1. I need every pair where a residue in segment 329-340 that is open to solvent by less than 10 Å² (accessible area, probe 1.4 Å) has its Cβ under 7 Å from the Cβ of a residue that is among the charged types (D, E, K, R), sequence separation at least 6 or different chains.
2. Do the conditions hold for residue 244, that is, is it closer than 22 Å to residue 454 by Cβ and in contact with a strand residue (DSSP E or B) (Cβ under 9 Å, 6 or more places away or on another chain)?
3. Of 220, 171, 204, which residue is in contact with a Leu (Cβ under 8 Å, 6 or more places away or on another chain), basic (Lys, Arg) and touching a residue at least 40 places away in the same chain (Cβ under 8 Å)?
4. Which helices (runs of 4 or more DSSP H) sit wholly inside segment 174-292 and have at least 3 residues that are in contact with a Cys (Cβ under 7 Å, 6 or more places away or on another chain)?
5. Quick one: which residue in 218, 212 is farther than 22 Å from residue 440 by Cα and surrounded by 12 or more Cβ atoms within 10 Å (Cβ to Cβ)?
6. Output the number of the condition that residue 441 fails; it satisfies all remaining conditions of (1) within 28 Å of residue 392 (Cβ to Cβ); (2) buried (at least 16 other Cβ atoms within 10 Å of the Cβ); (3) at pLDDT 90 or above.
7. Kindly check whether there is at least one residue in segment 381-404 that is touching a residue at least 40 places away in the same chain (Cβ under 8 Å), of a type in the set (Lys, Arg) and in contact with a Cys (Cβ under 9 Å, 6 or more places away or on another chain).
8. Across segment 399-425, what is the number of residues that are under 20 Å from residue 385 (Cα atoms), open to solvent by 20 Å² or more (accessible area, probe 1.4 Å) and of a type in the set (Val, Ile, Thr)?
Amino acid sequence: MGYSPKKALRSGAHPNMCTPLRKGKPSKRAHRCGTPPNADGRIGALLEAASRTPPPTRVLPPLLLLLPPTPPPSISPCAPSPSFRPVPTPLPLHHPARIPAHIPASLPLSARIPARCLYPCPAPRLYPFPSPVSLPASLQSPCSCPRPAAHAPPRPQPRCLADFFSYETTKSVVVKSWVVGVVNRVVQLLILSYFIGWVFLHEKAYQVRDTVIESSVVTKVKGIGKYGNRVLDTADYVTPPQGTSVFVVVTKQILTENQEQGVCPESEAAYRCASNRDCQGKARTTGSGVLTGRCVPYNVSLHTCEIRGWCPPEVDTVDVPVMLEAENFTLFIKNSVRFPLFGFEKANLPPQVSAGELQRCRFHPEQQPLCPILRLGDVARFAGQDFASLAATGGVLGIKIGWVCDLDRAWELCLPRYSFTRLDSVTQHSPGSPGYNFRHARYYRGHNGTELRTLTKAFGIRFDVLVYGNAGKFGIVPTLINTVAAFTSIGVGTVLCDIILLNFLKGAEHYKARKFEEVPEASVSPAPTSPTVCAPGALGDQSREKQSTDSGTFSLGL
């Protein structure tokens with residue numbers, strides 16, 4: 001009987017199966033499709049012997065014939081005619097409706113299935129498991145699997161554009177070189193030592209730090225001094241008297257008493273004159289008043305220009321004594337700080353100390369570093385200055401209180417540290433204005449109601465109490481950031497070793513060829529639209545598994 005796709009569809013057989021045209025005789029079409037004449041007996045005997053052996057422990061699912069939505073192009077002698085319609089439901093290979101009619105029904109079911117119809121052609125992503133049985137080469141089907149047509153090669157692009165849109169990835173090359181290996185490990189060791197020793201242990205980079213410090217300072221100076229014929233106390237030589245963080249202890253004074261508004265000769269040598277014409281060509285104002293334009297006698301032998309202002313004018317070139325008793329004056333500093341980020345507060349007063357012990361203590365950097373009472377002479381000495389010369393010319397001293405607290409430790413371990421320096425050390429040797437001085441006046445009225453004043457030019461030591469500090473506490477974010485930075489910085493050793501390897505070692509060109517490889521873009525062929533029934537092994541050994549030992553990834557290369 002002849003073969004017809006319509007009859008095959010009615011009977012349930014798939015039209016893509018190789019069925020002979022006549023019953024009982026070997027078919028030429030079967031010979032073309034891969035089953036030589038008189039091969040059915042050998043196939044039956046082979047499959048009959050296989051059926052008597054015990055089955056393997058692994059049970060594989062029956063292969064299903066996947067029918068395409070449209071018939072593929074004629075690529076083998078087994079291809080059906082273009083006029084057939086696909087069966088919507090695929091039938092298993094062992095279904096009785098798919099057994100050719102010329103096979104005797106007395107044979108076992110496994111022997112009645114043609115060998116060439118047992119296995120579908122492997123298609124990408126449709127048959128991820130291997131074929132269950134491998135037939136001998138003489139029984140395999142000569143049908144060839146479809147080979148998709150390759151895409152046309154891409155049009156060449158300009159070199160600069162191709163280089164710009166290229167991608168570089170890391171390629172691991174193991175170089176057996178003692179020189180490069182030693183350099184790499186030494187650089188890694190230095191980087192790790194820097195991060196562990198300096199960044200983490202010394203700088204405590206694992207902590208969250210609060211550098212905003214809120215501080216208040218209250219000062220109090222005590223001492224009695226003798227200046228000339230007068231005895232001075234705190235109210236006489238400390239200004240301003242409010243006890244702020246910046247104050248002055250006056251050690252030398254030049255007094256100009258009983259000044260009143262009027263006209264008088266100028267005392268400066270620059271305003272000497274012989275006639276009124278000499279006074280009219282000068283600047284209108286002087287350091288003591290306003291010029292009137294007249295030349296008047298200053299004393300019996302000297303004439304100067306006349307001024308209008310506070311008379312008599314100040315003479316600041318006279319020599320006056322220095323109050324050296326100020327060296328033994330004491331300074332009490334009360335300081336309290338707060339770190340708002342952590343809500344931490346602390347004061348510089350030593351804990352568990354009575355008022356009597358506090359008054360008797362004197363600051364010493366080694367013996368009593370927490371005592372808040374300091375001698376002025378010790379402050380000048382700790383700053384590297386001589387108190388007598390500093391009191392004569394004046395100067396500015398800085399008392400710095402540092403609060404660097406590790407809040408991961410106990411509250412009692414957050415202690416202040418005192419340091420001392422001279423803040424005007426740059427200008428202390430300036431010939432124009434050495435030291436520190438200022439002027440102030442005290443006003444009163446005379447017997448006749450005239451307004452009078454006493455002008456004082458004061459030389460003294462100005463003290464600036466400066467408070468600084470920060471507090472730190474463990475935080476997970478800075479810890480992670482600095483840890484990642486530490487491990488990332490180890491890559492510096494790789495850069496240095498690459499420079500040595502590719503430029504200075506013998507065989508640098510060989511290393512370059514191994515390290516740098518240019519790979520063009522791979523053209524991907526389209527997957528076939530439908531599988532084709534072929535014998536196993538039609539693809540040969542082109543399917544192999546590749547493995548990367550460093551990343552552990554797998555890929556299936558075809």
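1. 329/222; 337/214; 337/346; 339/210
2. Working: closer than 22 Å to residue 454 by Cβ: no; in contact with a strand residue (DSSP E or B) (Cβ under 9 Å, 6 or more places away or on another chain): yes.
Judged against the criteria, residue 244 is not a match.
3. On the way: 171 fails: in contact with a Leu (Cβ under 8 Å, 6 or more places away or on another chain); 204 fails: in contact with a Leu (Cβ under 8 Å, 6 or more places away or on another chain).
Selected residue: 220, the only one of 220, 171, 204 that is in contact with a Leu (Cβ under 8 Å, 6 or more places away or on another chain), basic (Lys, Arg) and touching a residue at least 40 places away in the same chain (Cβ under 8 Å).
4. Per the criteria, 178-193, 276-280.
5. Working: 212 fails: surrounded by 12 or more Cβ atoms within 10 Å (Cβ to Cβ).
Exactly one residue qualifies, and that residue is 218.
6. (2)
7. Here is the first cut: in segment 381-404, the ones touching a residue at least 40 places away in the same chain (Cβ under 8 Å) are 387-388, 390-404.
Subset that is of a type in the set (Lys, Arg): 400.
Filter once more, keeping what is in contact with a Cys (Cβ under 9 Å, 6 or more places away or on another chain): none.
Within segment 381-404, none of the residues are touching a residue at least 40 places away in the same chain (Cβ under 8 Å), of a type in the set (Lys, Arg) and in contact with a Cys (Cβ under 9 Å, 6 or more places away or on another chain).
8. 1
The values are calculated or read from the model by the stated rules, or taken from the named source; none is laboratory data. These numbers come from a predicted model, not from an experiment. All Cβ positions, glycine included, derive from the backbone under ideal geometry; neighbour counts span all protein chains shown. SASA here: full protein model, heavy atoms, side chains in, ligands and nucleic acids out. Shrake-Rupley method; radii C 1.70, N 1.55, O 1.52, S 1.80 Å.
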